Amino acid sequence: MPVKLPYESALTVTFPDVDTVSEGKTAVVVGGGPAGLIAAEALARAGVDVTVYDQMPSLGRKFLMAGRGGLNLTHSEELPQFLARYPDIAPVLKSAIEAFPPGALRAWADSMGAATFVGSSGRVFPELLKTSPLLRTWLLRLGNLGVKVKLRHRWAGFDGDGNLHFVADGKDVSVVPDVIVLALGGGSWAKLGSDGKWVDVLGAQKIAISPLLPTNCGFTTAWSDVLRGFAGQPLKRISLTFAGRTVRGEAMITERGLEGGAVYALSSPLRDAITKHGDTTLTIDLLPDVALAKLAERLSAPRGKQSLSNFLRKATHLSPVALSLVHEGALAKGTTLAKLQGKDIAALIKAVPVKLNGVAPIETAISTAGGIRFSELDEGFMLKRAPGIFVAGEMLDWEAPTGGYLLQATFATGLAAAKGAIQFLRYSVPVKKG
Ligand SMILES: Cc1cc2nc3c(=O)[nH]c(=O)nc-3n(C[C@H](O)[C@H](O)[C@H](O)COP(=O)(O)OP(=O)(O)OC[C@H]3O[C@@H](n4cnc5c(N)ncnc54)[C@H](O)[C@@H]3O)c2cc1C
């Protein structure tokens with residue numbers, strides 16, 4: 001019995017056209033994150049009998065977690081600029097996003113009663129700034145479309161006959177659908193379900209997979225006890241520079257290092273440099289809106305009877321955590337602020353060096369780079385070595401910064417994989433199993 005949805009009238013309007021297939025075809029979608037669910041929706045709309053399997057007790061846990069930060073669904077910039085955010089974008093990923101661009105994702109969210117708005121940075125969010133209402137409506141919609149859900153089913157690979165093999169409640173379960181979509185996610189935040197264990201399963205099938213690496217992640221550094229005491233405090237309106245790239249934004253001091261939007265934006269080159277050299281140095285401009293000469297002039301004024309700390313605080317308006325970072329920057333250069341002239345302190349404030357000695361654990365990363373290489377896929381997101389098996393979402397080998405690019409690629413590839421699966425079913429080629 002279909003459940004009445006609050007946004008019924010908009011349901012069919014915005015979903016991209018999908019061809020229908022003949023009756024009686026079955027699909028298994030493994031992984032109930034946004035990539036798997038959009039694939040399930042498209043397949044069900046095409047008339048396919050769809051079952052979503054997930055190892056967790058509920059679906060979309062990482063998608064819900066993304067809602068804690070407001071659910072940055074996508075970005076409002078022009079498509080060419082948007083596509084340029086994906087380094088070395090694979091042609092199939094580009095085509096998938098062109099076929100389901102940010103405007104289409106916004107319209108889809110709208111159809112779910114999650115109207116979106118463009119924030120000041122150009123990022124797109126649902127008006128309610130969370131995932132739960134959207135996900136609730138989506139699951140109801142999928143139920144109405146006939147999609148079945150099997151929770152607490154861990155996909156463990158293929159059984160002796162090459163059928164999908166799940167473990168549920170300690171028991172082995174074999175499933176033989178006409179078509180399979182794998183949407184198992186990356187390897188961060190394993191407690192939300194995407195534990196990256198599929199790498200061993202598909203690796204054993206000789207599928208080429210780039211190692212899963214943390215991205216949009218924090219870094220570790222050897223803070224002094226003083227700076228560690230500022231853990232949880234933000235450095236606001238700063239700019240970070242690394243390898244010739246400067247990013248404005250915020251960072252957060254953590255117990256063991258640095259995290260936050262501006263750090264995430266540089267995380268890919270920082271991670272690669274640390275992997276190569278063991279450590280690397282990030283430069284922080286604590287006052288990017290104040291010119292060096294102006295700051296030097298202010299800091300060269302006579303300080304009279306004021307203590308150095310008071311003088312610096314009044315002349316710079318920097319927060320205690322930022323000033324501590326400047327003190328530490330001087331120590332790292334083998335000196336102290338008391339020994340430096342105003343112009344040198346100004347130069348330090350405009351370029352505090354922070355030596356990063358490690359990447360924060362993958363468990364804490366927003367996303368992972370690496371995954372199934374695009375060379376393994378055909379144009380319909382099907383594994384060339386395993387006809388009938390399609391792959392989508394963060395388990396593919398693409399990388400992107402935060403800003404809505406992760407979910408946009410996730411949705412677009414989920415839909416592209418479903419369309420590939422639908423085409424495959426239309427030609428009725430039997431699934432070749434693992
Ligand atoms: C804290 C945080 C905030 C984020 N905020 C944003 C944001 O604002 N904007 C944005 O664009 N992106 C954001 N992201 C990233 C975004 O959530 C992910 O890129 C997206 O969820 C990936 O979708 P997916 O469907 O590919 O994988 P997932 O959402 O990870 O789903 C994979 C599913 O597969 C299941 N699974 C895995 N292995 C198995 C198995 N062996 N058997 C059965 N089931 C299995 C998992 O249980 C899970 O349900 C955020 C991520 C985090 C961690």
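When the helix-only estimate is applied to the chain (DSSP H runs of n ≥ 4, each -39,500 (n - 2.57), divided by the residue count), what is the mean residue ellipticity at 222 nm, nearest 500 deg cm²/dmol?
My calculation for the chain gives -9500 deg cm²/dmol from helical runs alone.
Find the relative contact order for the stretch 206-309 and round it to a whole percent, using C-alpha pairs within less than 8 Å whose residues are 6+ positions apart.
Computed value for the stretch 206-309: 27 percent relative contact order.
Share of the stretch 222-365's accessible area from carbon and sulfur, percent, 1.4 Å?
53 percent
Rounded, prolate or oblate, given the Cα gyration tensor of the stretch 347-434, with a/c below 1.5 counting as rounded?
prolate
Only helices at least 30 Å long along their own axis, judged from Cα atoms, and with Kyte-Doolittle mean hydropathy of -1.0 or greater: name those in the chain from DSSP H.
Those that clear 30 Å and a mean of -1.0 are 405-426.
Using every pair of alpha-carbon atoms in the stretch 219-359, split the distances into 10 Å bins beginning at 0 and state the percent of pairs per bin, rounded to integers.
Distribution as computed: 12, 44, 34, 9, 1 percent.
Sort 335-341, 394-400 by packing, meaning the average of other beta carbons within 10 Å per residue, with the highest value first.
Result, highest mean Cβ count within 10 Å first: 394-400, 335-341.
What is the dipole size for the stretch 219-359, taken about its Cα centre, with +1 at each Lys and Arg Cβ and -1 at each Asp and Glu Cβ, in debye to the nearest 20?
The calculation lands at about 440 debye.
By the gyration tensor of its Cα atoms, with a ≥ b ≥ c the square roots of the eigenvalues, what is the shape of the stretch 79-153: rounded for a/c under 1.5, prolate for a/b over b/c, or oblate?
oblate
Expressed in nm to one decimal, what extension gain is obtained for the pair Arg245 and Arg228 from 0.36 nm per residue of sequence separation less their Cα-Cα distance?
Result: 3.4 nm gained on full extension.
Quote the FRET efficiency, to the nearest 0.05, computed for Thr283 versus Lys384 with a Förster distance R0 of 30 Å and r equal to the Cβ-Cβ distance.
My answer for the efficiency is 0.10.
In whole Hz, with x marking every Gly and Pro, tabulate ³J(HN,Hα) for the stretch 382-398 from phi via Karplus 6.51 cos²θ - 1.76 cosθ + 1.60, θ = phi - 60°.
Along the stretch 382-398, the couplings run 9, 5, 4, 7, 9, x, x, 10, 10, 10, 7, x, 6, 6, 8, 7, 10 Hz.
So, how do all the Cα-to-Cα distances of the chain break down into 20 Å bins, in percent, from 0 on up?
25, 48, 22, 6, 0
Label points 7 Å out from Cα along the Cβ direction at Leu151 and Ser319: separation in nm?
Placing both labels 7 Å along Cα→Cβ, they lie 3.9 nm apart.
Taking θ = phi - 60°, what integer Hz values does the Karplus form 6.51 cos²θ - 1.76 cosθ + 1.60 yield along the stretch 191-197, in sequence order, with x for Gly and Pro?
3J(HN,Hα) across the stretch 191-197, in whole Hz: 5, 8, x, 7, 9, x, 5.
Residues of the stretch 176-216 with amide nitrogen under 11 Å from the 7 Å Cα-to-Cβ point of Arg373?
Taking a point 7 Å out along Cα→Cβ of Arg373, the residues of the stretch 176-216 whose backbone N falls under 11 Å are 207-211.
Say each of Asn163 and Leu83 gets a label point 7 Å from the Cα, pointing the same way as Cα to Cβ; how far apart are those two points in nm?
Taking the two extended label points, one gets 4.3 nm.
Per residue of the stretch 167-181, in order, report the coupling 6.51 cos²θ - 1.76 cosθ + 1.60 (Karplus, θ = phi - 60°) as ³J(HN,Hα) in whole Hz, putting x for Gly and Pro.
Karplus values, whole Hz, x for Gly and Pro: 10, 10, 6, x, 9, 7, 10, 10, 9, 10, x, 6, 8, 10, 10.
At a threshold of 8 angstrom on Cα-Cα distance, excluding pairs fewer than six apart, so keeping six or more, what relative contact order does the chain reach in percent?
Values: 925 pairs, mean separation 99.9, N = 434.
With pairs under 8 Å counted, the relative contact order is 23 percent.
Extending each Cα 7 Å along its Cβ direction at Leu308 and Ser121, get the distance between those two points in nm, one decimal.
According to this spin-label approximation, the distance is 3.5 nm.
Let me make sure I get this right: for the stretch 13-103, a, b and c are the square roots of the gyration tensor eigenvalues over alpha carbons, sorted descending. Under 1.5 in a/c it's rounded, otherwise prolate if a/b > b/c, else oblate. Which is it?
Judged from the Cα gyration tensor, the stretch 13-103 comes out oblate (a/c at least 1.5, b/c at or above a/b).
Given a 1.4 Å probe, how much area per residue of the stretch 219-359 is accessible, in Å²?
Computed with neighbouring chains in place, this is 51 Å² per residue.
The values are calculated or read from the model by the stated rules, or taken from the named source; none is laboratory data. Computed from a predicted model, the values in this text were never measured in an experiment. Methodologically, a virtual Cβ is constructed for each residue, glycine included, from the backbone with ideal geometry; neighbour enumeration extends over all protein chains shown. These accessible areas exclude ligands, DNA and RNA; they are computed on the full protein's heavy atoms, side chains included. Shrake-Rupley method; radii C 1.70, N 1.55, O 1.52, S 1.80 Å.
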